[in-house]
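Scroll down for the structure; my scribbles are underneath it.
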Amino acid sequence: MIEAGSPNVLLRRGLTKNTVMPGTRVVVDGYQAKDGSLRANGRDITLPDGRKLFLGSSGTGAPYDDPLANVAPFGACAMLALWLVWNKLTAEKAAADGAGGA
């Protein structure tokens, strides 16, 4: 048995009920259960046509497991700091423009 993400996650990744028909040979990359049983946490499935789909299971070491992976390269704190500086500079410029024009 291969564990994967929820049906909604699999559908968003492109895996539908017609993607893999019964009898189709596929390759599943993942991690076997620690107790040695015939279970695994699936990471990717490679279809016969060469397409590779992420199975969406949690804890696979995929980029989606890192909460900061989808944040800009600067990281959330740096982005907030940049926004605050930009906001302050634009406020100062607006105040200067308003004072100089009067």
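Every read-out reported here was derived from the displayed coordinates using simple, explicitly stated rules and does not represent laboratory data. Fair warning: this is a prediction, and the values are worked out from it, not measured in the lab. In this analysis, Cβ positions are derived from the backbone assuming ideal geometry, glycine residues included, and neighbour counts consider all displayed protein chains.
Can you compute the charge dipole magnitude of the range 1-65 about its Cα centre, using +1 on each Lys and Arg Cβ and -1 on each Asp and Glu Cβ, nothing else charged? Give it in debye, rounded to the nearest 20. Kindly include the intermediate steps, with their values, before the conclusion.
Values: 9 positive and 6 negative charges, 36 e Å.
Roughly 180 debye for the range 1-65.
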#### Entry: Top positive-direction residue, dipole computed over the range 1-65 with Cβ charges, set Asn8, Ala40, Gly30
Asn8
### Message
Using only the Cα atoms of the range 1-65, what are the Rg and Dmax in Å?
### Response
11.7, 33
